[in-house]
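Notes for the one structure printed next.
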Amino acid sequence: FLDRDGTINQYRGLVYKEEDFELEPCAVQAVKRINQSGRLGIVITNQPVVARGLCGIEDVENIHRKLSSLLGKEGAFLDDILFCPHHPDRGFAGEVPELKIRCGCRKPKPGMLLQAAEDFNIDLAKSWMIGDGENDILAGEAAGCRTIRMETNGSLLDAVNRIWEEQ
């Protein structure tokens, strides 16, 4: 399992426009490494930009199509991308009230990982969650996964390679 912002793509605050989405330099190599291993590569990402009213679900899906296209041009692929559009805090101009909820899918809760495990018959105890934030690690731990927290300016490829070194 991979976080999106700051892990696969460059962290630029809240990314809600396609033109602001840019892959991390080693992201393609890291995803290829996952593909070559025969393991699944699934993105698990909070996207509060929808609940805040900065963009719609279609915009997030367009960014994910761009992500898939950028990877695909280089021969890499993700098996799935799951995202949580919710945000529990109210008070943002233009927010979407029905998405301003406390849900089970927003990291650090494990809902998206549990859904992916059900959808793909994944043994979470043999799985890894890689991310750059505490919420990524807490969600992975809550789901029963092993975790790797990338350091600031860390490389996703280094994190993926570390998994194979520990196997």
Worksheet item: With labels modelled as points extended 7 Å from the Cα through the Cβ direction, what inter-label distance (nm, one decimal) is found for CYS103 paired with ASP59?
Response: 1.7 nm
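Treat every Asp and Glu Cβ in the chain as -1 and every Lys and Arg Cβ as +1, leave all other atoms uncharged, and give the resulting dipole magnitude about the Cα centre to the nearest 20 debye.
Magnitude of the dipole: close to 160 debye.
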Practice prompt. Please list, in chain and number order, the residues 5+ apart from THR147 or on another chain whose amide H is under 5 Å from its amide H, with Hs placed from the backbone.
Written response: MET129
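Rounded to the nearest 0.05, what FRET efficiency do ALA125 and SER155 have when you use their Cβ-Cβ distance and R0 = 25 Å?
0.45
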Fill in: Under 21 Å from LYS107, Cα to Cα: lysines that are on another chain or at least 8 residues apart
LYS126
Item to complete: For LYS66, go through the aspartates and glutamates and keep the ones whose alpha-carbon is under 18 Å away, minus same-chain ones fewer than eight residues off.
Response: ASP3, ASP5, GLU18, GLU19, ASP20, GLU22, GLU24, GLU58, GLU74, ASP79, ASP80
Discussion item. Using the Cα centre of the range 1-94 as origin and beta-carbon charges of +1 (Lys, Arg) and -1 (Asp, Glu), tell me which of GLY41, GLY56, LEU23 is placed farthest towards the positive end of the dipole.
Written reply: GLY41
Practice prompt. Sequence neighbours fewer than 8 away in the same chain don't count; with that in mind, list the lysines whose C-alpha is under 22 Å from LYS100.
Written response: LYS17, LYS109
Fill in: Radius 13 Å from Cβ of ASN62, net charge of other residues (Lys, Arg +1; Asp, Glu -1)
-3
Worksheet item: Hey, any idea what % of the range 127-167's accessible area is carbon plus sulfur with a 1.4 Å probe?
Response: 38 percent
Worksheet item: With the other protein chains left in place, how much accessible area per residue, in square angstrom, belongs to the chain at a 1.4 angstrom probe?
Response: 50 Å²
Practice prompt. Rounded to the nearest Å, what's the spacing between the alpha carbon centres of the range 1-78 and the range 102-167? Just the number, please.
Written response: 15 Å
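GluC sites (Glu not before Pro) within the range 1-103: which are DSSP loop residues with at most 16 other Cβ atoms inside 10 Å? Kindly include the intermediate steps, with their values, before the conclusion.
Values: sites: GLU18, GLU19, GLU22, GLU58, GLU61, GLU74, GLU95, GLU98; in loops: GLU22, GLU74, GLU95.
Those satisfying the criteria are GLU22, GLU74.
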Discussion item. If the rule is a partner Cβ under 4.7 Å, which cysteines in the chain fail it?
Written reply: CYS26, CYS55, CYS103, CYS145
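The values are calculated or read from the model by the stated rules, or taken from the named source; none is laboratory data. Keep in mind that this is a model prediction, so the values were computed, not measured. For neighbour counting, all protein chains shown are included, and Cβ atoms are generated from backbone atoms with ideal geometry for every residue, glycine included. Keep in mind that these areas ignore ligands, DNA and RNA; they rest on the heavy atoms of the full protein, side chains included. Shrake-Rupley method; radii C 1.70, N 1.55, O 1.52, S 1.80 Å.
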